[in-house]
1. Give the residues of region 171-196 that are surrounded by fewer than 20 Cβ atoms within 10 Å (Cβ to Cβ) and part of a loop (DSSP other than H, G, I, E, B), sorted by residue number.
2. Working only within region 197-210, note down all residues that are among the hydrophobic types (A, V, I, L, M, F, W, C) and part of a helix (DSSP H, G or I).
3. If you go through region 19-59 one residue at a time, how many are in contact with a Cys (Cβ under 9 Å, 6 or more places away or on another chain) and among the small types (Gly, Ala, Ser)?
4. Scanning for something touching a strand residue (DSSP E or B) at 6+ places or on another chain (Cβ under 6 Å), modelled with pLDDT under 95, under 25 Å from Ala162 (Cβ atoms) and part of a loop (DSSP other than H, G, I, E, B), does region 121-138 turn up at least one residue?
5. Considering only region 56-77, I want to know if a residue exists there that is at positive phi and assigned to a loop (DSSP other than H, G, I, E, B).
6. Given the condition assigned to a helix (DSSP H, G or I), within 19 Å of Leu185 (Cβ to Cβ), in contact with a helix residue (DSSP H, G or I) (Cβ under 6 Å, 6 or more places away or on another chain) and at pLDDT 95 or above, answer yes or no: does some residue in region 144-164 qualify?
7. When you go through (1) more than 25 Å from His112 (Cβ to Cβ); (2) at pLDDT 95 or above one by one for Thr227, which number turns out not to apply?
8. Among (1) in contact with a Pro (Cβ under 7 Å, 6 or more places away or on another chain); (2) assigned to a loop (DSSP other than H, G, I, E, B), which single condition is Arg213 missing?
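The values are calculated or read from the model by the stated rules, or taken from the named source; none is laboratory data. Source: prediction; values computed, not measured. For neighbour counting, all protein chains shown are included, and Cβ atoms are generated from backbone atoms with ideal geometry for every residue, glycine included.
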Amino acid sequence: MKPLRADLHTHTIFSPDSMIEPEEYVRRCVQSGIDCVAVTEHKNIDGALYLGSIAPFRVIVAEEIMTTEGEIIGLFLREPVPAGLSPEETVERIKQQGGLVDIPHPFDPFRHGLGEAAMLRLLPAIDIIEAFNGRIRLSRHNERARRFAIEHDKAMSAGTDAHSPWELGRVCVEMPPFETAAQFLRSLGEGRIEGRRAPRYVYAFSTLEKARRKLGWRRRLPAVPGTVAR
């Protein structure tokens, strides 16, 4: 079967620092050959649910969760996990849903990486380490994550961490198709990472978007199936 090209860390306008409209997100992915994504919004799963209702490709419902010690991604979620919990409680809530625990940009000191001490405490419950993040400023932080994953026999993911349309398509994992979370984890173990880091100016887009919203400017979010438009 044809392998999937999966971007496993992305954001849309449902995150407060992303400017990617859902329709533009879909267009860019189709254009660049991405046919599987994890939509990892901050503090919600609404973006993933909405993308899943309009995209012609596989969408994994996910969330990037800020814990008391750094960020954790939950994959294959059914409901959001609140921010501000300990890493241990966050992991427990992900697992209660049958989800997978993915640690994004763990060694990036600029963006709330979880760090080695916390990861070693959580090691038995960690399923995946993000070995390539397109927004990492220093390549050595990606390399350190990759080495940690290999040393501790963890599956490796990769993602653009896109917050602007121009980032989509730059990073993917080429992996066998899957249906369930367990199959996804096995497929990821057979995956091959392809990636180019985004230019540093993409951070300006996130900063601008966040500032505009803090000043009261609001994007109209489309209605998620089963909810009302906001």
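1. Pro176, Pro177, Phe178, Glu179, Thr180, Glu190, Arg196
2. We begin by selecting, within region 197-210, every residue among the hydrophobic types (A, V, I, L, M, F, W, C); these are 198, 202, 204-205, 208.
Result: Val202, Ala204, Phe205, Leu208.
3. Selection size over region 19-59: 3.
4. Looking for residues that are touching a strand residue (DSSP E or B) at 6+ places or on another chain (Cβ under 6 Å), modelled with pLDDT under 95, under 25 Å from Ala162 (Cβ atoms) and part of a loop (DSSP other than H, G, I, E, B), one finds none in region 121-138, hence no.
5. Yes - at least one qualifying residue is present in region 56-77.
6. no
7. So Thr227 meets the others, but not (2).
8. Answer for Arg213: the failing condition is (2).
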